[in-house]
Amino acid sequence: MTGSAFYLSLLPFTTTIFRFFSSLLAPLVIDRFPLKRILVQSQWWKTILLVCLGIYISSFNHGFSVAVIFFIAVISLLDGVAAPVSAAFIPQLVPKDERMKANGFLNVITQTIFVAGWPLGSVLLISTNSSFIIWLTVMLFAVSTIYTGRIEISEQTTDSVAPTNWGSIKSGWVAIRQIPTIHTLISIDFITTLASSVWVAAVIYLYVEQNLQLGEEWWGYINTSYFVGMIFSGLIVIRFAKLLEKYIGFFITFGLFLSSLLTLLFGMTSIPALALLLACLYGLPEQIREIIYTKLFQDHTTEKTLAKIYAVWGAVINLTFAGSALLLGYITETYSVKTTFPFSSTMIFLAFLYATFKRKDLHGEKCDQSVSSQSSNIPR
């Protein structure tokens, strides 16, 4: 659509910034409407916007323009509300003792789509054009919205007296502060997110060039290996769900230690086959930990509060990741990629130390007894 690196960089920047602000304001909507209604209507609005975008590109053929940025910005605003709401659906659809397996299954589906989506998208773009891809996306969005509308859930009734705007906005933050398990998990995730930008394309390109001394296509191989590891992690969760639930604290802390070690080894190696193996192995503890986080979040809150917590979490992580990408990009450019990975490994190791210190907050079973009393004090 454009050969300008600046215009291309506006896409992730616009998406991140607008999703950040939308996530901050999402509780205003969550407090006033049923979750299913929010999700279905946001999906329909995104479908309508994609239709408008498709008509614009097909009719005017201007390619990249301010209008395209506008459509992307509004869709990102809707995503910032829809994402936490959809994440809060699982507890209403799946019994508590089956949630770990359900989260693992969803992980397998999601990561498989990611792995297949990149090459499939490239083939479609080469063999067709951007207009065809947009209309295909419109069709998929419409189908998904229809099926979402057919989901039957039983929601809590909305409070007859809605909280103030400020009360809604801060309610997710209050919930995080009042529930020790969730506060600890988000603190750990904040630290690890500072390190996770080491896997962005800009850093991996330099890693492939400087460490492996191979062509750019190896970035794709490494990226695929990473996602394959995530898929296997979902299968492991499905198979050993009960074991993971029994030793949640251990798997979180050990997973952090393993991630730190694998990041360090990956940054040090110059053997291509070993780099692929380490990237795959790195995806295992990362995604298992993410699934465990999701399970603990679901067990410790009501659906409305869970949606607000996810909104806050999304806002914090989006902003942290953006800042981390700049920081690690600066470290890579100023020093070298061989400095970036040890730095990232050190950050994850700090998260491991913090998790070890706060391990009493990572045992979901012990915390369940106090959930109801904690939740009663949280603004909904």
Fill in the blank from the handout: Picking from Phe114, Phe71, the residue that is of a type outside the set (D, E, K, R) and either crowded, with 20+ Cβ neighbours inside 10 Å or farther than 20 Å from Glu290 by Cα (or both) would be Phe71
Completion exercise
Residue hits (the stretch 12-41; among the basic types (Lys, Arg) and either assigned to a helix (DSSP H, G or I) or at pLDDT 90 or above (or both)) are Arg19, Lys36, Arg37
Fill in the blank from the handout: Conditions (1) surrounded by fewer than 20 Cβ atoms within 10 Å (Cβ to Cβ); (2) within 19 Å of Lys308 (Cα to Cα); (3) touching a residue at least 60 places away in the same chain (Cβ under 8 Å) -> Gln41 fails only (3)
Practice task
Take the residues in the stretch 340-380 that are modelled with pLDDT of 70 or more and not in a helix (DSSP H, G or I), then tell me which one is surrounded by the fewest Cβ atoms within 10 Å (Cβ to Cβ).
Solution key: His363
Problem - Some residue of the stretch 215-235 being outside any helix (DSSP H, G or I) and more than 20 Å from Val108 (Cβ to Cβ) - result: yes
Handout entry: Subset of the stretch 167-190 [more than 14 Å from Leu306 (Cα to Cα) and at pLDDT below 90]
Key = Gly167
Exercise for the section: Out of the residues in the stretch 163-201 that are under 20 Å from the mean Cα position of the chain (by Cα) and of a type in the set (Ser, Thr, Tyr), state the one that is surrounded by the fewest Cβ atoms within 10 Å (Cβ to Cβ). Expected result: Ser187
Problem - Check on Leu284, free of Cβ contacts under 8 Å to residues at least 60 places away in the same chain, touching a Gly at 6+ places or on another chain (Cβ under 8 Å), surrounded by fewer than 23 Cβ atoms within 10 Å (Cβ to Cβ) and over 23 Å from Ile331 (Cβ atoms) - result: yes
Handout entry: Elements of type helices (runs of 4 or more DSSP H) contained in the stretch 103-203, each with 1 or more residues being more than 25 Å from Thr253 (Cα to Cα)
Key = 130-149, 165-178
Handout entry: Which listed residue is surrounded by 15 or more Cβ atoms within 10 Å (Cβ to Cβ), closer than 27 Å to Glu333 by Cα, over 18 Å from the mean Cα position of the chain (by Cα) and in contact (Cβ under 8 Å) with a residue 40 or more places away in the chain, from Ile238, Ile222, Ile204, Ile248
Key = Ile222
Fill in the blank from the handout: Within the stretch 89-102, residues surrounded by 15 or more Cβ atoms within 10 Å (Cβ to Cβ), without any contact (Cβ under 8 Å) to a residue 40 or more places away in the chain and outside any helix (DSSP H, G or I) come out as Val94
Exercise for the section: Could you run through the stretch 288-315 and say how many residues are within 19 Å of Arg239 (Cα to Cα) and among the basic types (Lys, Arg)? Expected result: 2
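The values are calculated or read from the model by the stated rules, or taken from the named source; none is laboratory data. All figures in this text were calculated on a predicted structure; none of them were measured in a lab. Ideal geometry is used to build each Cβ from the backbone, glycine not excepted, and the neighbour counts take in all protein chains shown.
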